[in-house]
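Working notes for the structure below.
The values are calculated or read from the model by the stated rules, or taken from the named source; none is laboratory data. Please read all numbers here as calculations on a predicted model, not as lab measurements. With ideal geometry, Cβ positions are generated from the backbone for all residues, glycine too; neighbour counts draw on all protein chains shown.
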Amino acid sequence: MNSFKESKKLFEGADWDFTTIQRIHDACEDIALKDLGLNVYPNQIEVITAEQMLDAYSSVGMPLYYKHWSFGKQFAHQEASYRKGLMGLAYEIVINSSPCISYLMEENTATMQTLVIAHAAFGHNHFFKNNYLFKQWTDADGILDYLDFAKAYVAQCEEKYGRIAVEQTMDAAHALMSHGVDRYPGKRSLDLRAEEKRARERREHEQATFNDLWRTVPTGPSKNRTELSAERRRALLGLPQENLLYFLEKAAPRLRTWQRELLRIVRNIAQYFYPQGQTKVMNEGTATYVHYRIMTALHERGQITDGNFLEFLGSHTNVVFQPDFDSKYFSGFNPYALGFAMMQDIERIVTDPEDEDREWFPDIAGKGDVMGVLRDVWANYRDESFISQFLSPRLMRHMRMFHLHDDPADTSGILVEAIHNERGYRSVRRALSRQYDVGLIDANIEVMDVDLAGDRRLMLKHSVLNGALLNEVDARRVLQHLADLWSYDVSLTEVDASGSVLKEHIVHPRMMAAAA
């Protein structure tokens, strides 16, 4: 019998050590780079415990993060659920950084470690490095250093200004985090190393900018002083402005310099995560397709046993399971299932197309270069455009997709709007892709003006789509945090496409500890 060293097998049984992990990584890398043509950041693999995985959950997977009470609350909730058997844990967490950091659970078997290295260290890694959204909006080289800076800065502020004052500012910033991003490229680049290095100079410059603005504001009831023209006022304030945290950081009249830096930290981190919300299907589909190809290749090469491969297939099947629409477990499309199915379907179209595929996908049908096509797709699309471009009639039939029309104002009831015909396929594809369009699913809220000559009220507008108003309770809670940072009244008007005002919210600021 050959010794293990002489065997082609990467490991025997379920046990592993760090030498085994290195051997697994090298074998996966050989297939990823040579066979699949992937382009990845250098890999850094960390093995962590279940408690450390829960801790990473609570701080959105970041290895270095500032302290905040919400992370502890999340940790306590998830730990209780895990201990009671109400939830499982991910096999891994992967960080979009350079080096790309993959956290592996120490409880994983050797087979599962192979799977997650293939999935995270090569699948996600390639997507992070090459997709256009991540190239536009993230700074993989600078994120770890910036998080280190942010963690230290928040701790210094707590020591110098008090935990309560810092906590109030961070609570407000977190409440506005989803409205603290630039949604269109070209506004501001995200260079996190430069953010840290130029922090002092930038703060001094922006302090002078908003001071210039507020020096022109009438200080008393008299309106006889020369007031700013509407055009100059809006120009100085950069209005209209969709990035609420950026606006407050630059123009809020009573925030201290350290508070502005805290808002900037939260804003930069929100911007860093912005592409991930738009690429969930593609990102998970890419990683799942890559791990499937790598694990299959390892099995074909004899580097893992039939038993290892069956263990992998059991886990893989669970990951891509898609409940039917009438199942009590159905809660929408599983991004792993939809993404993986679309990647495999593209492979089929490229290698073995049918007449229908040639009609719908003339640019890729029968092209033959599977990985060339997939790498191009992974680089140049986000979920909305990916589904709208590549969801095929065959896959719609296979997944039994259909489109229901359910309008509460329509008394005729729920109607089947699209079935399996050419018009229906296009309708289903369009309807599904719109569910991933951030322009439709995220509320479009902008700062429109400030009443500088009067009570300094901050005026915002919500452009209402399809009659979807903001939730009353949530809107008032978030606006309260906004008013606290602005330190004057805030009004939000909800307006439809015709310009009709549907609703108006007005909130008054509370006294914050930092301003006391």
(request) Would you be able to tell me the number of residues in the stretch 129-147 that are of a type in the set (D, E, K, R) and more than 16 Å from Gln276 (Cβ to Cβ)? (result) 2
(request) Please state which one of Ala121, Ala155, Ala173, Ala165 is among the small types (Gly, Ala, Ser), assigned by TED's automatic domain parsing to the domain that holds Val47 and in a helix (DSSP H, G or I). (result) Ala121
(request) Confirm whether Ala50 is in contact with a helix residue (DSSP H, G or I) (Cβ under 8 Å, 6 or more places away or on another chain), modelled with pLDDT of 95 or more and of a type in the set (A, V, I, L, M, F, W, C). (result) no
(request) List every residue pair whose Cβ atoms lie under 7 Å apart, where the two residues are 6 or more positions apart in sequence or sit on different chains, the first residue falls within the stretch 96-112 and is closer than 29 Å to Trp137 by Cα, and the second residue, located anywhere, is in a loop (DSSP other than H, G, I, E, B) and β-branched (Val, Ile, Thr). (result) Asn96/Thr138; Cys100/Val40
(request) Report, by residue number, each residue of the stretch 309-349 that is farther than 19 Å from Phe127 by Cβ and outside any loop (DSSP other than H, G, I, E, B). (result) Phe309, Leu310, Glu311, Phe312, Leu313, Gly314, Ser315, Thr317, Asn318, Arg348, Ile349
(message) Regarding the stretch 354-368, can at least one residue be identified that is assigned to a loop (DSSP other than H, G, I, E, B) and either among the basic types (Lys, Arg) or not assigned by TED's automatic domain parsing to the domain that holds Arg423 (or both)?
(response) yes
(request) Answer with yes or no whether Arg348 is over 25 Å from the mean Cα position of the chain (by Cα), in the same structural domain as Gln113 (by TED's automatic domain parsing) and either in contact (Cβ under 8 Å) with a residue 40 or more places away in the chain or more than 28 Å from Gln113 (Cα to Cα) (or both). (result) no
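Could we say that Asp489 is on the phi < 0 side of the Ramachandran plot, surrounded by 12 or more Cβ atoms within 10 Å (Cβ to Cβ) and charged (D, E, K, R) here?
The answer is yes for Asp489.
Listed here are the residues, each with its yes/no results for (1) modelled with pLDDT under 95; (2) exposed (fewer than 14 other Cβ atoms within 10 Å of the Cβ).
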| site | (1), (2) |
| --- | --- |
| Met282 | no, no |
| Tyr292 | no, no |
| Val319 | yes, no |
| Asp326 | yes, yes |
| Leu338 | no, no |
| Met343 | no, no |
| Ile349 | no, no |
| Pro362 | no, yes |
(request) Considering only the stretch 376-411, state which residues are modelled with pLDDT of 75 or more, part of a loop (DSSP other than H, G, I, E, B) and over 21 Å from Gly424 (Cβ atoms). (result) Tyr381, Arg382
(message) When you scan the stretch 481-504, do you find a residue that is in contact with a Ser or Thr (Cβ under 6 Å, 6 or more places away or on another chain), in contact (Cβ under 8 Å) with a residue 24 or more places away in the chain and closer than 24 Å to Leu255 by Cα, even just one?
(response) no
(message) List pairs: first residue in the stretch 289-301 and farther than 13 Å from Val320 by Cβ, second residue part of a helix (DSSP H, G or I) and among the acidic types (Asp, Glu) anywhere in the structure, Cβ distance under 7 angstrom, at least six positions apart or on different chains.
(response) Ala297/Asp35
